[in-house]
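The values are calculated or read from the model by the stated rules, or taken from the named source; none is laboratory data. Quick caveat: nothing in here was measured; it's all calculated off a predicted structure. Here Cβ is always computed from backbone atoms with ideal geometry, including for glycine, and neighbour counts include all displayed protein chains.
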Amino acid sequence: MTKLIDVAAVIRSKNSGPYELTFDIIFKEQAVFEDFAAKNVMTKAVFAKLYNMPESEVLSVIAFPPSKAVKITIVRPFASGALGEKDVYGAQQHGPLLTFSY
Amino acid sequence: MKEHRVLSPTAILGYGFPASSFEAGMALKPHVIAVDAGSTDPGPYYLGSGKSFTDRGAVKRDLEFMLTAALEAKIPVIIGTAGGAGADSHLDWNVEIIKEIAAEKSLSFKMAVISAQIDPEVVKKKLAEGKLREYFPAPAPTVKDIEDSVNIVAQMGHEPMVEALKAGAEVIVTGRAYDPTVFAALAVIEGFDAGLALHMGKILECAAIAATPGSGSDCMFAYLREDHFEVATLDPIRKCTATSIAAHTLYEKSNPTRLPGPGGVLDLTQTTFEQASEGTVIVRGSRFIPDDVYTLKLEAARKAGYRTVSFAATADPIMISKMDDIVKAVKERVASNFEELGEFFLDFKVYGQTGASFYGAAGPVPCEVAIIIEAVAETTAHADTICAFARSTLLHYGYEGRIATAGNLAFPFSPSDFSGGVVYAFSLYCLMEVDDPCELFPAQLYQCDKGAIL
């Protein structure tokens with residue numbers, strides 16, 4: 001098993017506009033990124049399970065070779081700043097990814 | 001070879017920059033100084049209230065550098081999304097700062113002020129004509145959403161800025177604008193490729209955040225040429241690397257290869273990032289694909305009530321283990337006591353458990369947890385009442401297994417409750433079709449003579 005936190009240089013979350021949340025995993029090594037992308041390690045289903053959320057709300061999982069990155073974008077559970085907000089910028093939702101192994 | 005040079009002093013007007021970086025940038029003889037001043041990131045409050053999320057003194061400091069240097073070098077300054085959210089009140093706020101600087105520094109220039117505030121009647125008419133489009137996953141706009149909105153703005157493209165530049169404006173300050181446009185407008189006039197100009201703007205709009213080490217308060221510089229652009233830092237401690245620039249393309253965007261904006265999509269599927277010399281990066285292959293129908297993104301906020309919060313904590317392991325049940329019981333108690341107050345919102349943010357996480361987190365049991373009690377109601381008086389009652393109920397709530405019977409909460413402050421004022425919520429986030437990219441963005445052209453508007 002490889003721990004994501006050992007092979008990633010960046011794991012982050014952030015709003016993409018007020019209604020979406022986007023997660024970036026940027027790998028340290030090209031080969032590790034290519035292996036991760038080729039094996040389809042991260043899918044909508046895998047992400048939904050990790051975050052305990054409906055798969056239908058995971059909008060996309062995209063590999064972006066120029067930055068050795070995989071990007072996951074989801075529907076924000078509520079609009080940024082709506083009543084019940086916990087994280088206006090969405091910058092602290094990366095926790096479950098830190099625990100991910102594959 | 002034709003070359004167009006752009007100086008981006010800072011990620012957001014008011015975030016600052018070292019004078020040495022700015023001067024290094026001016027020494028490279030830029031054709032324009034541009035800055036993006038806005039974001040929806042700080043939430044709906046700023047758009048709704050008409051206030052800036054940046055500090056007036058800090059904005060003035062940045063503008064003093066920019067205006068003085070640009071007028072001396074006879075190059076234009078373009079400021080996008082003035083005041084953070086880009087409604088008319090934000091624009092007025094920024095124009096006042098510019099006038100103040102002009103008076104203090106005896107500066108005279110031709111200034112264009114471009115509003116992005118949209119009349120609700122125009123939006124209603126567009127809705128009736130079927131020219132308002134849902135922007136999934138934001139909800140589809142309704143007449144009520146439009147009527148409830150206090151400020152409606154649209155993100156302008158580069159076209160209104162192009163018109164202002166052609167009219168001879170030396171200082172352009174705009175309401176809400178698509179972030180990259182302020183950097184691209186002059187380049188488009190000069191005949192450079194719109195795709196490259198906009199992608200350059202996308203990187204420059206966050207200034208040195210795209211460098212490594214990154215910083216939101218340092219300058220970036222770009223050279224736009226016929227078939228590529230090159231980005232460089234101006235502070236020797238920072239470098240642009242192919243990885244840092246490519247990674248920035250991901251930042252805050254849903255899809256790194258397809259960036260929709262006013263009038264079209266920036267397509268990065270063919271884009272390459274190449275390390276040029278030490279610390280600069282060359283970008284090629286970015287394309288702008290115009291849409292068949294020009295659309296603008298609308299943003300609006302509505303009033304959602306008044307907020308009062310109370311901050312407390314507990315160090316009792318029994319209480320911590322039963323927190324979910326306790327919170328539920330207190331909420332029920334508050335609801336039954338204040339049925340006559342009408343609708344209100346009561347929330348307990350339990351830090352150490354799930355205060356910050358959207359998706360829960362079963363971590364180790366903490367030895368202390370913090371609790372923010374939040375009440376939002378139709379008036380501050382009602383919010384105060386709900387918050388105070390929830391606080392006193394939680395303080396003395398007799399949960400099962402309770403041993404510490406003197407009080408359940410540790411309060412760090414007296415008074416324990418704080419009024420947060422008006423609460424706003426986003427009310428519109430959708431696309432609107434227009435026939436002309438400039439039709440909703442009237443520009444006013446003034447001669448600013450040492451602060452006096454002629």
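Could you list all residues from region A:5-25 that are of a type in the set (A, V, I, L, M) and either surrounded by 22 or more Cβ atoms within 10 Å (Cβ to Cβ) or farther than 24 Å from residue A:56 by Cα (or both)? Steps first, please.
From region A:5-25, those of a type in the set (A, V, I, L, M) are A:5, A:7-11, A:21, A:25; that's our starting set.
Result: A:5, A:7, A:8, A:9, A:10, A:21, A:25.
Scan region B:349-361 for residues that are more than 10 Å from chain A (Cβ to nearest Cβ) and modelled with pLDDT under 95 and jot them down.
Let us first name the residues in region B:349-361 that are more than 10 Å from chain A (Cβ to nearest Cβ), namely B:350, B:352-353.
Result: B:352, B:353.
In a helix (DSSP H, G or I), aliphatic (A, V, I, L, M) and more than 9 Å from chain B (Cβ to nearest Cβ), is that true of residue A:32?
yes
Residues in region A:44-52: is at least one within 14 Å of the chain's Cα centre (by Cα), among the small types (Gly, Ala, Ser) and more than 14 Å from chain B (Cβ to nearest Cβ)?
Applying the first criterion (within 14 Å of the chain's Cα centre (by Cα)) to region A:44-52 yields A:44-52.
Keeping just the survivors that are among the small types (Gly, Ala, Ser) gives A:45, A:48.
Still in the list and also more than 14 Å from chain B (Cβ to nearest Cβ): A:45.
Yes, the conditions are met somewhere in region A:44-52.
Can you say whether residue B:445 is under 29 Å from residue B:97 (Cα atoms), more than 14 Å from chain A (Cβ to nearest Cβ) and in a strand (DSSP E or B), as far as the supplied structure shows? Reasoning before the result, please.
Numbers: under 29 Å from residue B:97 (Cα atoms): yes; more than 14 Å from chain A (Cβ to nearest Cβ): yes; in a strand (DSSP E or B): yes.
Against the criterion (under 29 Å from residue B:97 (Cα atoms), more than 14 Å from chain A (Cβ to nearest Cβ) and in a strand (DSSP E or B)), residue B:445 qualifies.
Go through (1) closer than 27 Å to residue B:297 by Cβ; (2) facing chain B (nearest Cβ under 7 Å); (3) of a type in the set (A, V, I, L, M) and name the single condition residue A:70 misses.
Of everything listed in (1) closer than 27 Å to residue B:297 by Cβ; (2) facing chain B (nearest Cβ under 7 Å); (3) of a type in the set (A, V, I, L, M), residue A:70 misses just condition (2).
Count, please, the residues in region A:49-96 that happen to be of a type in the set (Lys, Arg), buried (at least 21 other Cβ atoms within 10 Å of the Cβ) and either over 16 Å from residue B:254 (Cα atoms) or at pLDDT below 95 (or both).
Of region A:49-96, the ones of a type in the set (Lys, Arg) are A:49, A:68, A:71, A:76, A:86.
Keeping just the survivors that are buried (at least 21 other Cβ atoms within 10 Å of the Cβ) gives A:68, A:71, A:76.
Still in the list and also either over 16 Å from residue B:254 (Cα atoms) or at pLDDT below 95 (or both): A:68.
Of the residues in that region, 1 qualify.
Away from chain A (no Cβ under 13 Å), touching a Phe, Trp or Tyr at 6+ places or on another chain (Cβ under 9 Å), surrounded by 15 or more Cβ atoms within 10 Å (Cβ to Cβ) and not in a strand (DSSP E or B): is that true of residue B:385 in this structure?
On the way: away from chain A (no Cβ under 13 Å): yes; touching a Phe, Trp or Tyr at 6+ places or on another chain (Cβ under 9 Å): yes; surrounded by 15 or more Cβ atoms within 10 Å (Cβ to Cβ): yes; not in a strand (DSSP E or B): yes.
Against the criterion (away from chain A (no Cβ under 13 Å), touching a Phe, Trp or Tyr at 6+ places or on another chain (Cβ under 9 Å), surrounded by 15 or more Cβ atoms within 10 Å (Cβ to Cβ) and not in a strand (DSSP E or B)), residue B:385 qualifies.
Please return the ranges of helices (runs of 4 or more DSSP H) entirely within region B:137-229 where 2 or more residues are charged (D, E, K, R) and either modelled with pLDDT under 95 or closer than 17 Å to residue B:75 by Cα (or both).
Details: elements: B:143-148, B:159-166, B:181-189, B:194-204.
Qualifying helices (runs of 4 or more DSSP H): B:159-166.
Search region A:74-102 for residues that are facing another protein chain (nearest Cβ under 7 Å) and pair each with any residue that is part of a helix (DSSP H, G or I) and hydrophobic (A, V, I, L, M, F, W, C) when their beta-carbon atoms are under 6 Å apart and the residues are at least 6 apart or on different chains.
A:96/A:50
So for region B:262-275 (the condition being within 8 Å of another protein chain (Cβ to nearest Cβ), hydroxyl-bearing (Ser, Thr, Tyr) and surrounded by fewer than 20 Cβ atoms within 10 Å (Cβ to Cβ)), does at least one residue qualify? Reasoning before the result, please.
Step one: of region B:262-275, the residues within 8 Å of another protein chain (Cβ to nearest Cβ) are B:271-273.
Subsequent filtering for residues that are hydroxyl-bearing (Ser, Thr, Tyr) retains B:271-272.
Those still in the list that are surrounded by fewer than 20 Cβ atoms within 10 Å (Cβ to Cβ) too: B:272.
Yes, the conditions are met somewhere in region B:262-275.
Within region B:275-296, does at least one residue satisfy the condition of being modelled with pLDDT under 95 and aliphatic (A, V, I, L, M)?
Yes, that holds for at least one residue.
If you take the residues of region A:2-22 that are part of a strand (DSSP E or B) and among the charged types (D, E, K, R), which of them is farthest from the other protein chains (Cβ to nearest Cβ)?
Restricting attention to region A:2-22, the residues satisfying the condition of being part of a strand (DSSP E or B) are A:3, A:8-15, A:20-22.
With among the charged types (D, E, K, R) added as a condition, the list becomes A:3, A:12, A:14, A:20.
Values: A:3: 17, A:12: 9, A:14: 5, A:20: 6 Å.
Only one residue tops the list, namely A:3.
How many residues does region A:57-67 contain that are more than 18 Å from residue B:269 (Cβ to Cβ) and within 11 Å of chain B (Cβ to nearest Cβ)? Can you show your working first?
Filtering region A:57-67 for residues more than 18 Å from residue B:269 (Cβ to Cβ) gives A:57-59.
Keeping just the survivors that are within 11 Å of chain B (Cβ to nearest Cβ) gives A:57, A:59.
The number of residues fulfilling the criteria is 2.
Could you tell me whether any residue of region B:214-230 is of a type in the set (Gly, Ala, Ser) and within 14 Å of chain A (Cβ to nearest Cβ)?
Taking region B:214-230 first, the residues of a type in the set (Gly, Ala, Ser) are B:214-217, B:222.
Filter again for within 14 Å of chain A (Cβ to nearest Cβ), leaving B:214, B:216.
For region B:214-230, residues of a type in the set (Gly, Ala, Ser) and within 14 Å of chain A (Cβ to nearest Cβ): present.
Per-residue answers, yes or no, for (1) touching a residue at least 24 places away in the same chain (Cβ under 8 Å); (2) in a strand (DSSP E or B); (3) polar (S, T, N, Q):
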residue: B:255; (1), (2), (3): no, no, yes
residue: B:277; (1), (2), (3): no, no, yes
residue: B:298; (1), (2), (3): yes, yes, no
residue: B:306; (1), (2), (3): yes, yes, no
residue: B:309; (1), (2), (3): yes, yes, no
residue: B:328; (1), (2), (3): no, no, no
residue: B:332; (1), (2), (3): no, no, no
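It is to be established whether one or more residues within region A:20-35 are touching a Ser or Thr at 6+ places or on another chain (Cβ under 7 Å), of a type in the set (Asp, Glu) and closer than 26 Å to residue B:298 by Cβ. Walk me through it before giving the result.
Step one: of region A:20-35, the residues touching a Ser or Thr at 6+ places or on another chain (Cβ under 7 Å) are A:20-23, A:26.
When the remaining residues are screened for being of a type in the set (Asp, Glu), the result is A:20.
Filter once more, keeping what is closer than 26 Å to residue B:298 by Cβ: A:20.
Scanning region A:20-35, I find at least one residue that is touching a Ser or Thr at 6+ places or on another chain (Cβ under 7 Å), of a type in the set (Asp, Glu) and closer than 26 Å to residue B:298 by Cβ, so the answer is yes.
Of the residues that make up region B:399-412, is at least one more than 24 Å from residue B:311 (Cα to Cα), touching a residue at least 40 places away in the same chain (Cβ under 8 Å) and among the basic types (Lys, Arg)?
no
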